[in-house]
Amino acid sequence: MNDDRALIFGKIRSSLNRLSGETLQPPPASAPPVPSIAIEEPGTLGDRFREGVIKAAGSFDQVEGWSLVPKAIAQFLRQHNLAPKVTTVPDERLTTLDWSGIEFNSGTGDRQVEVGVSIGFAGLAETGTVAQVSGPNSSPLLAFAPATNIMVLEKEDIVGGFEGLWKKLRNKYGSGAMAPTINLVTGPSRTGDIEQVLYLGAHGPIRYHVIIVGGQD
Amino acid sequence: MNRTVQGFPEQAKTALKNEALQKAMGSTSGEFREKRAKAVQALPEFDELCEAATDIKKRVLDNLDYYLEQFETNVKRNGGQVHYARDGARAQEIVVALCQKHEATKVTKSKSMVTEEIELNHALEAVGIEVTETDLGEYIIQIAGETPSHIIGPALHMSEDEIAELFSDVHGTDKLEASDDRGAKLVREARGVLRDKFFASELCISGANFLVAETGSIAIVTNEGNADLCRLIPKHHIAVTGIEKIVPNLEDLGAMLRVLARSATGQAMTSYVTLVSGPNDLYQDPSFHVVLVDGKRSQALAEETREMLRCIRCGACMNHCPVYGAVGGHAYGWVYPGPIGAILSPSFLGLDSARHLPHASTLCGACGDVCPVRIPIPELLRHWREETYRQALTPVKERTIIRLWAWLAARPTIYGLVMRAGIHALKLLSKKGLIRRLPLVHEWTMHKDFPAPEGGKFTELWRKSEGHDNE
């Protein structure tokens, strides 16, 4: 394997005419343009985000505070004729809430879970995307294995687009560092592999529902 | 059916006579084109982003050694390992050895063109490892024993009915009769089968759409979420990809994702984009490996077709290609079909075997126009055509005709005489201004009549036309 590394680097350097055989630092380059759909305009972030969720075949709800999340979830489950049974990520913001009326579990999730509740790290107004990071209080699997993926997101965590997300990630993990798994979720699982007809729920979620915590903006 | 790049002319003929394929192809490309056009129109900065994406890839190729080193350092810092493979055989060895080291006998895979390129599944199956493709299209062609016919829609050459037949054979169920919801039922059936595979998986093999040097991350893009189930359920993850997939930093990744989703499926954002930076933290002692495959890429960096290495595998060029639209992906004989395949295959497999592919183009230029990283595909096709002639790989008959033409074209007087004779001959062949059957090239008149020349030679008409009397 080390032979292959040396061989490949040798060929690359020869192809690039590196006379000394050394690696040169590339000249600084400017960042790519940020499209207007991704700009950080505080007053419009909520509307743009919610519109994106709908376009991505998802749905949303908005509540004043965390304590109202179980009620919003119960209502969503009733609307969709789903059993009142959820598994949430092991995060205190969810596990300490009053879940009466709903069969509640928290953990990493397995194939039996029908409704998974996760917490978003950031929302992208650009596309209605919720970004989720792995870690001790999180389990990305809950957003992928169950048929219903509910994402709870604080209003303050909605950013313009990718650029806002990268900034939040650098603030949390430090420059160049990342959580082991970061998932950017935009809608339910979908496929067009049979005659290009769109079907939802190819593997994981058939439903993508976002609950925004923080009251109407 | 064993298709090869050498066999393109025969395979193309077979494809044109295949009615089921023609029906499938009829709708596929058009729908992709329409979706892309809408998505592009909705983003005013699309062209600007394409320019930026092109610059990013240029910078990466100009400094590939630097960015690869940076990527490697950061993968290691994240607790992962990087393996280099000079070619497909070496990549197979590495992946097989890693599966054996981690005692994995059941592997789930998410879609990866590089693993198709290196025929990884054969190598794994040969040592008794069960591999399951989990992208629905890839799963369909895997159980059908076929290869992908399109970069992003591997099974688009198959009809719903063929898939129903296949599922019935392989899953041992009754064949679903045609109905409004048969497609949905087939998706559900595959979902059930694949769920068992996901939850029994001991190791994930994925590709990578991009490698981020700054963070040592791989980015995987899917609409089904299958890559995530592959990644999150087992302890071990091996990502296999080409050395050219690097982007310098996260901002650059954002630009690439914006142009990729729109160019490929016409979405503003693919349903699932995953950044993997290190082993799966749901487990104790997990592992994460990145296998970087060269497979002639480092050599191509010094060649005239180097710009093809910018390709982000969106498939837009094939969706806009009239030749691809007519013959489908399989006729091209290798994993990369369409215009980009006609450039990659001669480079990766050798021009002597793939020499027909650069000719499988009308040079209409649509592929180059829609390429999000501005690969001058028609120019590169022309380059391979010239090389084919220069290396004397074309048959004597073809070379003689071209030489004769060149000789003639350089002698205006004789050329004029020959043309005049040709016009006369065509007029003699015609009836009421139309020619029913052209000699030697009767394919041209198979489906429509050829118009007989009117008037004389172009140069004569030019001279006679207004204002050119004195020229």
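No value in this document is a laboratory result; all are computed from the given coordinates. Being a predicted model, the structure only gives us computed values, none of them experimental. Every residue, glycine as well, gets a Cβ built from its backbone with ideal geometry; the counts of neighbours run over all protein chains shown.
Per-structure values
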{"item": "Qualifying GluC sites (Glu not before Pro) in the stretch A:105-210, DSSP loop, other Cβ atoms within 10 Å at most 16", "result": "A:Glu114"}
{"item": "For the stretch B:43-295: rounded, prolate or oblate by the Cα gyration tensor [a/c cutoff 1.5]", "result": "oblate"}
{"item": "Per residue, the convex hull volume that the Cα atoms of the protein assembly as shown enclose (Å³)", "result": "201"}
{"item": "Inter-chain Cβ neighbour average for residues B:249-258, partner chain, 10 Å", "result": "6"}
{"item": "Charge context of A:Thr87, other residues only, Cβ under 10 angstrom, K/R +1, D/E -1", "result": "-2"}
{"item": "Cross-link partners of B:Lys17 among lysines (Cα-Cα below 19 Å; sequence separation of 8 or more within a chain)", "result": "B:Lys448"}
{"item": "Dipole axis of the stretch B:164-232 (+1 Lys, Arg; -1 Asp, Glu on Cβ), positive-most option in B:Val221, B:Val193, B:Ser168", "result": "B:Val221"}
{"item": "Nearest-ten-degree value, helix B:8-17 long axis tilted from longest Cα axis of chain B", "result": "90"}
{"item": "Gyration tensor verdict on chain B (Cα atoms; rounded if a/c is under 1.5, prolate if a/b is larger than b/c, oblate otherwise)", "result": "prolate"}
{"item": "Nearest 10 degrees, 0 to 90: helix B:396-409 Cα axis against chain B principal axis", "result": "50"}
{"item": "3J(HN,Hα) from dihedral phi, the stretch B:301-313, Karplus parametrisation 6.51/-1.76/1.60, rounded to Hz, x for glycine, proline", "result": "4, 9, 9, 5, 8, 3, 4, 4, 6, 6, 3, 10, 6"}
{"item": "Cα-based reach from B:Lys58 at 23 Å (exclusive), listing lysines while leaving out same-chain residues under 8 positions away", "result": "A:Lys11, B:Lys245, B:Lys296"}
{"item": "Prolate/oblate/rounded label for the stretch B:397-464 (Cα gyration tensor, a/c 1.5)", "result": "oblate"}
{"item": "For residues of A:138-146, the mean tally of beta carbons on other chains within 10 Å", "result": "5"}
{"item": "For B:296-304, mean number of other protein chain Cβ atoms within 10 Å", "result": "4"}
{"item": "Degrees between helix B:412-429 axis and first principal axis of chain B (Cα, 0 to 90, nearest 10)", "result": "90"}
{"item": "Computed E for B:Glu48/B:Asp174 - FRET, C-beta separation, R0 35 angstrom, nearest 0.05", "result": "0.05"}
{"item": "Cα-based reach from B:Lys101 at 25 Å (exclusive), listing lysines while leaving out same-chain residues under 8 positions away", "result": "B:Lys76, B:Lys109, B:Lys111, B:Lys197, B:Lys235"}
{"item": "Simple Cβ-charge dipole of the stretch A:39-213, Lys/Arg +1 and Asp/Glu -1, about Cα centre, in debye nearest 20", "result": "160"}
{"item": "Mean residue ellipticity (222 nm) of the protein assembly as shown, computed from DSSP H runs ≥ 4 via -39,500 (n - 2.57), nearest 500", "result": "-13000 deg cm²/dmol"}
